[in-house]
C-alpha cells in the first residue's frame, strides 16, 4: 500500500476531513504504538509501511512501555491536536489500515505485544 492510499483509507475510516488531520492521526498513532511495542517490532513495522511514516516508528526504545488504552488514546489526541473521541476513532482507523498494509505475520507480531484490553483499538478496526 502506498502513502496516498494509506492516508485516504485512514481519512475515510476515521471520517475526518483533510489530509493534514488524517496524517496527524496516523503519525500520532504510529508514534504511540512504537512506544507500546518493542523497538525491534517498531522497526519491523516501519519496513512494511510507506517511507513517509518511518520517522514515527524509528525512535522507538527497545523496551516497550506499559500503558492503558486510555493513555494510548490520550497520547494520540495530544500528538494529533484532537479530542479523545476523534483520537479513538482515528487510532482504530490507523490500526485497521496497518492491518491491511502489512503481512499477516507482522500483524500477528504486533498484536502479540499488546494486552487483551487493547482489543478496543483492534477488534473495532473496521474495513
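Bear in mind these aren't lab numbers, they're just calculated from the coordinates by the rules spelled out. The structure presented is a predicted model; accordingly, all values stated were derived computationally and were not measured. So basically every Cβ, Gly included, is an ideal-geometry build from the backbone, and we count neighbours across all protein chains shown.
Worth pointing out:
- Secondary-structure-derived ellipticity at 222 nm for the chain, considering helices only, amounts to -21000 deg cm²/dmol, per-run term -39500 (n - 2.57) for DSSP H runs with n ≥ 4.
- Ranked by how many other Cβ atoms sit within 10 Å of their own Cβ, fewest first, the residues 21, 43 fall in the order 43, 21.
- At R0 = 41 Å, FRET efficiency that the Cβ-Cβ distance of residue 2 and residue 78 yields, to 0.05: 0.90
- The stretch 1-72: equivalent-ellipsoid semi-axes (sqrt of 5 x gyration tensor eigenvalues, Cα, Å): 22, 15, 8
- The per residue volume of the convex hull around the alpha-carbon atoms of the chain is 89 Å³.
- Cβ-based exposure ranking for 49, 25, in which fewest neighbours within 10 Å come first: 49, 25
- In a fully extended conformation the segment linking residue 111 and residue 66 would gain 14.8 nm over its present Cα-Cα distance, using 0.36 nm per residue.
- Relative exposure of 107, 19, judged by other C-beta atoms within 10 Å (fewest first): 19, 107
- Stretch gain in nm, segment residue 99-residue 43, where the contour uses 0.36 nm per residue and the Cα spacing is subtracted: 18.6 nm
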